[in-house]
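The values are calculated or read from the model by the stated rules, or taken from the named source; none is laboratory data. Predicted, not measured: the structure shown is a model, and the values here were computed from it. Don't worry about glycine lacking a Cβ; one is built from the backbone with ideal geometry, like all the others, and counts go over all protein chains shown. Accessible surface is based on the protein model in full, side chains and every heavy atom, while ligands, DNA and RNA are left aside. Shrake-Rupley method; radii C 1.70, N 1.55, O 1.52, S 1.80 Å.
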Amino acid sequence: MSQNAHRIAAFNWIKGQSDLYEDVIPRKVLEDGFVYYNQRITLQGPQGIWKPAGMELPLSITTVSDGPYTDSFDANGLLRYSYRGIDINHRDNVGLRKAMENEVPLVYLRSIVPGKYLAAWPVFIIQDHPGQLCFSVAVEEMALIKPKLQYNKNEVLATDDLDQARRLYLTRQVKVRLHQRLFRERVLRAYQSQCTLCKLRHTELLDAAHIIADSNDEGLPIVPNGLSLCKIHHAAFDKNIIGISPDFIVHIREDILAEVDGPMLKFGIQSLENSHIFLPRNPIEHPDRDRLSERFDEFMKTG
Ligand SMILES: [Zn+2]
C-alpha cells in the first residue's frame with residue numbers, strides 16, 4: 001500500500017467528518033482517526049505537527065489559538081504555521097520541510113474553541129521562513145492533486161501564476177470559513193446555546209446573528225457584535241419585526257403587535273414585547289450598546 005493511498009484516504013475521511021460536524025470537528029474524533037486496510041490513521045496527536053505511525057512524512061498541522069483569526073494568516077494572505085519550538089532542525093520541522101520539498105499535501109487544523117477544529121485540505125507548505133521560525137501554507141484543490149497522488153508521480157508540481165492565484169483564493173476562502181465558525185461558536189458559547197429572546201436550546205436551530213451587518217471580511221468575530229438567535233427570531237430581527245433597544249429590552253413593531261393570528265405570532269413574537277433579553281454571564285460578552293443603538297434606530301425608522 002503506497003503512502004499516497006493512505007494520504008488520499010485521510011483526505012476523504014476528513015471531508016466526511018467536516019461535513020458531519022459542519023466544519024467544527026471535535027478533537028477526540030481527530031485523535032481516534034479511522035482504520036484503513038487494518039491500519040489506524042490518526043489525524044491529531046500531542047504535537048502540532050503530526051505524523052501517524054507508519055507514515056514517513058507529517059499528515060497534519062494544528063494551530064491552537066485563542067486570538068483573532070488574523071493571527072493564523074500572514075500579510076500575503078497565506079496561512080502562517082509556526083515551527084515546533086525554536087530549533088529549526090527539530091525533526092518535526094525537518095519533516096515539514098521535506099513535505100515542502102516533495103510537495104506532499106497535508107491537512108491543516110485550526111482551533112475554533114477549545115477542543116474543536118476547522119479543517120482545510122489539501123494544503124502545501126510553500127515557503128520556509130527560518131528567520132521568523134514559520135512556514136507559509138497554501139490551500140489547493142483536491143481534484144488537482146488526486147491524479148498525481150494516485151499514480152504516485154514524484155515530479156514536483158509546476159506552479160505558475162494561475163496556480164498561485166488559485167491557491168491564494170482558496171486560502172482566502174478558509175479565512176472566511178474560519179471567521180464564520182469562530183463567530184458562531186463564540187456567540188453560541190457566550191449565550192450558553194440559547195436564543196437570547198426565547199431561550200430555545202436547540203443548537204441546530206440557532207444562529208449567531210450580527211447586530212451590525214458584517215460586510216467586511218476583516219471584521220473580527222467578536223461576541224459583542226453578536227446575538228444568539230433561533231431561526232425565526234433571527235429572521236424577525238433582520239427584517240426589523242423585532243428590535244432590541246440599548247437597554248436590552250425587546251420591542252415588537254407596532255403593526256405586528258396589533259395583528260391577530262395563530263400561536264406562533266402570539267406566543268413566539270407578540271409576547272416578547274417589553275421583555276428583557278437573555279444575556280451572557282460575562283458582561284464583557286454582552287451586546288455592545290452603541291451597536292444596538294445604531295441598529296435600533298434602523299428598527300424605529302421601519303416601525
Ligand atoms: Zn428564539
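Coupling constants for segment 118-128 follow from the phi torsions by the Karplus curve (6.51 cos²θ - 1.76 cosθ + 1.60, θ = phi - 60°), and in residue order they are 8, 10, 10, 7, x, 10, 10, 7, 10, 9, 10 Hz; glycine and proline get x.
Highest mobility in the GNM of the chain, judged by mean-square fluctuation with C-alpha springs under 10 Å and restricted to GLY16, GLY95, GLY45, is found for GLY16. Backbone amide hydrogens, once placed in the peptide plane, bring PHE73 within less than 5 Å of ARG80, excluding anything fewer than 5 places away on its chain. Based on Cα contacts under 8 Å between residues 6+ apart, the chain shows a relative contact order of 13 percent.
Which of rounded, prolate or oblate describes segment 226-289 when judged by the alpha-carbon gyration tensor and an a/c cut-off of 1.5?
On the way: a/c = 2.21, a/b = 1.98, b/c = 1.12.
Taking the square roots of the gyration eigenvalues as a ≥ b ≥ c, segment 226-289 is prolate.
Accessible surface for GLU101 stands near 110 Å², nearest 10, in the context of the full protein assembly shown (1.4 Å probe). Surface listing: ASP128, ASP19 arranged by accessible area from highest to lowest gives ASP19, ASP128, probe 1.4 Å.
Placing R0 at 30 angstrom, the Cβ-Cβ distance between ASN76 and LYS146 gives a FRET efficiency of 0.70 after rounding to 0.05.
Taking segment 25-77, which trypsin sites (Lys or Arg not before Pro) meet the DSSP loop condition and have no more than 15 other C-beta atoms within 10 Å?
Details: sites: ARG27, LYS28, ARG40; in loops: none.
Those that pass, being in a loop and sparsely packed, number zero.
Ligands, DNA and RNA left out, the 1.4 Å accessible surface of the chain is 53% carbon and sulfur atoms. Inter-part distance, segment 159-189 to segment 244-294, computed on C-alpha centroids, equals 33 Å.
Cross-linked pairs LYS28/LYS231; LYS231/LYS266; LYS116/LYS199; LYS116/LYS175: Cα-Cα separations exceed 20 Å for LYS28/LYS231; LYS116/LYS199.
Calculated from DSSP H runs of 4 or more alone, at -39500 (n - 2.57) each and per residue, what is the 222 nm mean residue ellipticity of the chain, nearest 500?
Values: 8 runs with 101 residues, N = 303.
-10500 deg cm²/dmol, from helical runs alone.
In order along segment 7-12, phi translates into HN-Hα couplings of 5, 4, 4, 5, 5, 5 Hz, rounded to whole numbers, per the Karplus curve 6.51 cos²θ - 1.76 cosθ + 1.60 with θ = phi - 60° and x for Gly and Pro.
What would the Debye equation give as log₁₀ I(q)/I(0) for segment 178-260 at q = 0.13, 0.24 Å⁻¹, counting only Cα atoms as equal point scatterers? Once normalised to I(0) and log-transformed, intensities are -0.41, -1.20. Enclosing the Cα atoms of segment 1-70 in their convex hull gives a volume equal to 106 cubic angstrom per residue. For TYR36, the accessible area of its heavy atoms, probed at 1.4 Å with every protein chain present, is near 50 square angstrom.
At each listed q (0.07, 0.12, 0.15, 0.16 Å⁻¹), what is the log10 of I(q)/I(0) that the Debye formula gives for the chain modelled as equal alpha-carbon point scatterers? Values returned for q = 0.07, 0.12, 0.15, 0.16 Å⁻¹ are -0.36, -0.83, -1.08, -1.18.
Once the chain from LYS15 to HIS90 is taken as fully extended at 0.36 nm per residue, the excess over their C-alpha distance is 24.0 nm. Taking amide H as placed 1.01 Å from N in the peptide plane, the amide H of SER60 sits under 5 Å from that of TRP50, VAL107, each at least 5 places away or on another chain.
In this rough spin-label picture, where each label sits 7 Å from Cα along the Cβ direction, the VAL64-GLN173 distance is 3.0 nm. Scalar couplings 3J(HN,Hα) for segment 286-298, obtained by applying the Karplus form with A = 6.51, B = -1.76, C = 1.60 to θ = phi - 60°, are 4, x, 5, 5, 5, 5, 4, 4, 4, 6, 5, 4, 5 Hz; x denotes Gly and Pro. Think of a 1.4 Å ball rolled over the protein heavy atoms: the chain then has 51 Å² of accessible area per residue. Using heavy atoms of the protein chains and a probe of 1.4 Å, the accessible area assigned to LYS266 is about 110 Å².
Would you kindly calculate the mean projected area, averaged across all directions, of the convex hull enclosing the Cα atoms of segment 39-83, in square nanometres?
Working: hull surface 16.3 nm².
For segment 39-83, the mean projected area of the Cα convex hull comes to 4.1 nm².
The accessible-area ordering, largest first, of the residues HIS179, HIS210 stands as HIS210, HIS179, per a 1.4 angstrom probe.
Normalised size of segment 20-124, defined as Cα radius of gyration per 2.2 N^0.38 Å with N residues, equals 1.07.
Simple spin-label estimate for ASP163 and VAL113 gives 4.0 nm between the two label positions (7 Å along the Cα-to-Cβ direction from each Cα).
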